[in-house]
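As structure tokens, the structure follows; a few thoughts come after it.
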Amino acid sequence: MSATVSSRRTLDPAAPPPTAPRGGRGRGRAGRQLHGGKITYAVLILFTIGSLFPLVWTAVAASRTNTRLAQTPPPLWFGGNLFNNLDKAWNGANMGTALLNTTVVAGTVAASTVLFSTVAGFAFAKLRFRFKNILLMLTIGTMMVPPQLSVVPLYMMVAKLEWTDQLQAVIVPTLVSAFGVFFMRQYLSQALPSELIEAARMDGASSLRIIWHVVFPAARPAMAVLGMLTFVQSWNDFFWPFIALTQNGNPTMQVALTGLSRGYTPDQSLIMAGALLGTLPLLIAFVLFGKQIVGGIMQGAVKG
């Protein structure tokens with residue numbers, strides 16, 4: 001009798017669908033949605049305000065005059081000198097050349113770091129060779145050395161090669177990073193199965209083909225994260241570019257900003273306008289590619 005009733009319900013499109021038992025048994029724990037309470041939303045709002053305040057204050061200060069910024073209390077809303085200050089900062093600090101140079105430097109360093117770190121991380125994670133652990137420890141150990149200790153010998157090498165005030169003086173020393181190698185090694189040791197590499201070798205694939213068709217697709221989420229971190233770090237780098245480059249020659253964005261702080265009383269509104277010009281490209285890049293970057297991070301988290 002029960003089989004007849006169930007068959008009629010299946011054949012009759014007007015029949016109501018069977019309902020799940022009461023008490024929530026028809027819905028597993030995996031399907032439940034977690035909702036944050038009022039405290040969670042309050043904490044998130046506070047963190048959001050704290051994260052956006054420096055950017056908003058930079059824009060507010062860039063739209064005011066230096067005299068108004070020196071007054072108490074400071075301004076908390078936008079003024080009418082934003083575009084005037086942006087124009088002065090753009091023309092007075094060689095911002096056009098600096099923006100192009102910074103894009104070239106940051107893009108080249110990010111691409112080379114991702115490429116070399118992925119290959120080296122794959123070698124440390126999946127290949128067998130002599131002194132592998134010792135070389136890995138030496139690579140990690142270089143992260144403990146303060147970068148200030150290498151400035152003098154590095155500048156001597158750059159001067160001997162006649163690279164002073166040239167972009168290769170900033171690009172070549174940062175083509176690969178120890179952090180990137182360690183980061184990719186840790187990711188590939190878990191995300192890339194050894195059986196997949198052995199299957200590719202049994203099919204006759206060379207090492208270069210395995211890297212291109214097996215390693216790179218598996219490491220794509222981590223490569224996106226490493227590329228984003230390296231690009232932002234290279235874009236904001238100041239210490240070594242300030243030593244190797246000049247403000248009137250081939251400056252990066254951070255070196256060009258030093259031209260706005262000269263004088264007995266630096267104009268804080270122009271400095272903030274220059275800082276805003278140096279931040280806008282990063283914001284635009286994140287708005288355009290933020291969804292892909294976050295998607296890559298989440299993809300890697302699900303795979304892990």
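The values are calculated or read from the model by the stated rules, or taken from the named source; none is laboratory data. In this text the structure is predicted, and so the values were computed from the model without any measurement. Because the Cβ atoms are built from the backbone with ideal geometry, glycine has one as well, and the counts that use them run over all protein chains shown. Accessible surface is based on the protein model in full, side chains and every heavy atom, while ligands, DNA and RNA are left aside. Shrake-Rupley method; radii C 1.70, N 1.55, O 1.52, S 1.80 Å.
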| query | Of these, Asp203, Asp237, which one is closer than 22 Å to Met157 by Cβ and of a type in the set (Asp, Glu)? | reply | Asp237
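Give me the residue from the range 57-74 that is surrounded by 14 or more Cβ atoms within 10 Å (Cβ to Cβ) and among the small types (Gly, Ala, Ser) and, out of that set, farthest from the chain's Cα centre (by Cα). Even if it seems obvious, please write down each step before you answer.
Start the filter on the range 57-74 by keeping residues that are surrounded by 14 or more Cβ atoms within 10 Å (Cβ to Cβ), which leaves 57-66, 68-69.
Still in the running and among the small types (Gly, Ala, Ser): 59, 61-63.
On the way: Ala59: 23, Ala61: 27, Ala62: 26, Ser63: 28 Å.
By that ranking, first place goes to Ser63.
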| remark: Among Ala106, Ala178, the single one that is without any contact (Cβ under 8 Å) to a residue 40 or more places away in the chain, open to solvent by less than 30 Å² (accessible area, probe 1.4 Å) and under 18 Å from the mean Cα position of the chain (by Cα) is Ala178
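Please go through the range 234-249 and give me each residue that is small (Gly, Ala, Ser) and surrounded by fewer than 16 Cβ atoms within 10 Å (Cβ to Cβ), ordered by number.
Within the range 234-249, the subset small (Gly, Ala, Ser) is 234, 244, 249.
Once the filter is applied, which keeps residues that are small (Gly, Ala, Ser) and surrounded by fewer than 16 Cβ atoms within 10 Å (Cβ to Cβ), the range 234-249 yields only Gly249.
Does Phe286 satisfy the condition of being in a helix (DSSP H, G or I), among the aromatic types (Phe, Trp, Tyr) and touching a residue at least 40 places away in the same chain (Cβ under 8 Å)?
On the way: in a helix (DSSP H, G or I): yes; among the aromatic types (Phe, Trp, Tyr): yes; touching a residue at least 40 places away in the same chain (Cβ under 8 Å): no.
Answer is no for this residue.
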| Of all residues in the range 197-209, which are open to solvent by 60 Å² or more (accessible area, probe 1.4 Å) and in contact (Cβ under 8 Å) with a residue 12 or more places away in the chain? | none
| query | Is it true that some residue in the range 15-26 is modelled with pLDDT under 85 and not in a loop (DSSP other than H, G, I, E, B)? | reply | no
| query | From the set of residues in the range 184-196 that are surrounded by fewer than 19 Cβ atoms within 10 Å (Cβ to Cβ) and in a helix (DSSP H, G or I), which is nearest to the chain's Cα centre (by Cα)? | reply | Gln186
| task | Filter the range 118-156 down to residues that are open to solvent by 50 Å² or more (accessible area, probe 1.4 Å) and β-branched (Val, Ile, Thr) and give me whichever is nearest to Ser194 (Cα to Cα). | result | Val119
| task | Please indicate, with yes or no, whether at least one residue in the range 218-226 is open to solvent by 40 Å² or more (accessible area, probe 1.4 Å) and either of a type in the set (Ser, Thr, Tyr) or free of Cβ contacts under 8 Å to residues at least 24 places away in the same chain (or both). | result | no
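Consider the range 250-269. How many of its residues are outside any helix (DSSP H, G or I) and open to solvent by 30 Å² or more (accessible area, probe 1.4 Å)?
Quick first cut of the range 250-269, residues outside any helix (DSSP H, G or I) only: 250-252, 262-267.
Retained after the next criterion (residues that are open to solvent by 30 Å² or more (accessible area, probe 1.4 Å)): 250, 262-267.
The qualifying residues number 7.
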